[in-house]
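Asks: Okay, handing you the structure first.
Every number here is computed from the coordinates shown, using simple stated rules; none is lab data. None of the values given here were measured: they were computed from a predicted structure. A quick note on method: Cβ atoms are made from the backbone with ideal geometry, for glycine too, and the neighbour counts reach across all protein chains shown.
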Amino acid sequence: MYQLIKHFAFCLLLCVITSVNAIEAKLDTLSLDSKLLKRTVPLSLYLPFNYDAERKTPYPLLITAAGDSQINVLLSQIDWLSHVDFGPMPQVLVLRMPAVVEQDKFDTAKGERNALLGEVLAQEALPMLSQQYNLAPFHILEGFSTAGNVALDLFSRYPKLYQAAVITSPALELADDAWRTAVIERLQKNLAKRSLFVSLGSFSGNKPHFLSLQQALVGHDASQFSDLSKDNYIGGHSLGFLLGISRLFADREIVDFAVFAKEGVEGVLQFHQKLAAKYGYSLDPTDNLKGLASYYYQHQQLAAGDAVYQHLLTQQPSDVLLHVRKGQALHASAYVEQAKQTFRKALQLAEQQQNQEAQQFITRLLAQ
């Protein structure tokens with residue numbers, strides 16, 4: 001499984017190198033009149049290629065500490081992972097942390113200026129963005145190497161502001177004992193109901209501090225750690241980000257429908273209520289309900305599967321694709337006649353809507 005993930009990450013990097021302009025994020029450059037800094041600070045905010053300010057489902061915000069040499073690779077990875085509904089992460093807006101003060105990587109790793117950066121983000125930048133963009137109250141911090149220290153520090157300081165963090169190969173050995181101890185103590189107190197992913201890079205000096213952090217957070221289900229020390233340090237960022245972001249959003253898709261078979265539709269809807277509590281906005285349960293219906297059909301529970309689709313079609317009676325998906329699910333479970341009846345209904349709707357592409361597709365399905 002791990003080798004498969006590595007292979008996927010390598011293929012992903014090829015996609016990044018070749019670029020996919022059609023799904024490339026769009027840059028909005030804003031000016032923040034900071035009272036804390038007593039000057040104007042430029043902000044770089046990246047929007048999904050099809051960003052919709054009126055979309056019913058708001059967008060999570062990912063705040064990254066990525067530098068100039070890394071930001072384009074990260075953005076391309078996010079574009080690719082989120083450009084389809086079945087990707088491992090939803091579409092997000094991406095904010096680059098503003099340059100509050102000039103400092104070298106050693107100062108960055110020690111977190112000496114993080115308090116000021118944290119206040120600028122908390123008091124000024126994020127409130128301004130929330131007013132101007134269609135943002136969900138779900139903020140993810142991201143950082144690699146010394147920038148990973150910054151993201152980890154902010155995550156520990158602001159439990160109500162940041163709901164998740166993906167920290168890859170943090171330079172923990174460059175920080176001092178006081179900083180590391182403070183981060184651990186804060187996380188032990190405030191990690192509950194939040195999500196943290198930390199990966200270990202190949203620099204051996206970081207390992208004892210990585211293990212100390214991991215051990216200190218044992219028992220916190222929301223924390224996940226991954227040892228990538230055998231992988232190349234630079235390549236470890238893309239691999240670690242893929243692992244971390246996939247695990248963070250893995251609960252959006254139900255994998256084991258047997259758990260929901262007894263409660264049916266109501267069980268899935270209750271599950272989505274829990275997701276809404278986590279993410280701060282409602283996630284469409286349609287795909288998971290279709291998965292539940294397929295589970296019923298596969299286990300020869302025709303009436304139960306039909307009941308799920310009846311729930312969906314009551315809300316969307318003219319949705320051609322939904323009828324098609326029901327027919328395909330029936331056909332896959334050998335309910336051939338029921339599938340054809342459903343395809344005929346879908347074809348009738350497609351004709352009423354003058355959807356020629358759908359008509360051609362459904363006609364091919366009926367000919368099978």
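Asks: Would you mind putting 232-242, 275-285 in packing order, based on average other-beta-carbon counts within 10 Å, highest first? Walk me through the intermediate numbers first.
Replies: Values: 232-242: 20.3, 275-285: 15.4.
Ranked by mean Cβ neighbours within 10 Å, highest first: 232-242, 275-285.
Asks: Amide H neighbours of Leu141 under 5 Å, counting only residues 5+ apart in sequence or on other chains, H built in-plane at 1.01 Å?
Replies: It is Ile63, Ala164, Ala165, Val166, by chain and number.
Asks: Continuing with this model, one more query. Which length gain, in nm to one decimal place, applies between Asp284 and Gln328 when the Cα-Cα distance is subtracted from 0.36 nm times their residue separation?
Replies: Contour length minus Cα-Cα distance gives 13.8 nm.
Asks: Another question, if that's okay. Going by amide H atoms built from the backbone, whose H comes under 5 Å of the H on Ser226, apart from near neighbours?
Replies: Val198, Ser199, Leu200
Asks: So, in nm, how far is label Gln123 from label Leu321 when the simple model puts each one 7 Å beyond its Cα toward the Cβ?
Replies: For Gln123 paired with Leu321, the spin-label model returns 4.6 nm.
Asks: Pull out the extension gain between Leu275 and Glu337, defined as 0.36 nm times the separation in residues minus the alpha carbon to alpha carbon distance; nm, one decimal.
Replies: Numbers: separation 62, 0.36 × 62 = 22.32 nm, distance 3.69 nm.
18.6 nm is the gain from fully extending Leu275 to Glu337.
Asks: Nearest 0.05, what FRET efficiency do Asn134 and Ser69 give at R0 = 45 Å with Cβ-Cβ as r? Don't skip to the end; give the middle numbers.
Replies: Numbers: r = 30 Å, r/R0 = 0.67.
Calculated value: 0.90.
Asks: In terms of modelled amide H atoms, which long-range or inter-chain residues lie less than 5 Å from the amide H of Leu283?
Replies: Excluding prolines and chain starts, which carry no amide H, the hits are Ala276.
Asks: Which label belongs to the value computed from this structure, given these candidates for Cα extents along the principal axes in Å: (1) 70, 42, 38; (2) 106, 45, 44; (3) 65, 52, 35?
Replies: Computed from these coordinates, Cα extents along the principal axes in Å corresponds to label (1).
Asks: Then there's this: Mind scanning Lys56/Lys160; Lys290/Lys345; Lys26/Lys56; Lys26/Lys193 and naming the pairs with a C-alpha gap bigger than 28 Å?
Replies: Lys26/Lys193
Asks: As a test of the formula, what do you get for the chain when each DSSP H run with n ≥ 4 contributes -39,500 (n - 2.57) and the sum is divided by the residue count, at 222 nm and rounded to the nearest 500 deg cm²/dmol?
Replies: Dividing the helical sum by the residues of the chain leaves -15500 deg cm²/dmol.
Asks: Is the stretch 257-366 best put as rounded, prolate or oblate by its Cα gyration tensor, with a ≥ b ≥ c the root eigenvalues, rounded for a/c under 1.5, and otherwise prolate when a/b is larger than b/c, oblate when not?
Replies: Values: a/c = 2.80, a/b = 1.50, b/c = 1.87.
Cα axes put the stretch 257-366 in the oblate bin.
Asks: Say R0 is 45 Å: what FRET efficiency, to the nearest 0.05, do Lys56 and Lys207 get from their beta-carbon distance?
Replies: Numbers: r = 46 Å, r/R0 = 1.01.
So the FRET efficiency works out to roughly 0.50.
Asks: Modelling each spin label as a point 7 Å along the Cα-to-Cβ direction, I'd like the Glu173/Lys35 distance in nm, to one decimal.
Replies: 4.5
Asks: Using a basic spin-label model with each label point 7 Å from the Cα along Cα→Cβ, how many nm lie between Gln353 and Gln368?
Replies: Modelled inter-label distance: 1.9 nm.
Asks: Another question about this same structure. With a cap of 11 neighbouring Cβ atoms within 10 Å, and only residues DSSP puts in a loop, list the trypsin sites (Lys or Arg not before Pro) found in the stretch 207-270. Walk me through the numbers before you get to the answer.
Replies: Working: sites: Lys230, Arg247, Arg252, Lys262; in loops: Lys230, Lys262.
Sparse-neighbourhood loop trypsin sites (Lys or Arg not before Pro): Lys230, Lys262.
Asks: Then there is this: Separation of the stretch 122-157 and the stretch 194-231 by C-alpha centroid, Å?
Replies: Their Cα centres are 21 Å away from one another.
Asks: Still on this structure, I have one more. Pick from Leu321, Leu30, Leu330 the residue whose mean-square fluctuation is largest in a GNM of the chain, springs joining Cα atoms under 10 Å.
Replies: Top of the fluctuation ranking is Leu321.
Asks: Across the stretch 340-345, in residue order, what do the Karplus-derived ³J(HN,Hα) couplings come to in whole Hz, using 6.51 cos²θ - 1.76 cosθ + 1.60 with θ = phi - 60° and x for Gly and Pro?
Replies: Per-residue couplings from phi come out as 5, 4, 5, 5, 5, 5 Hz.
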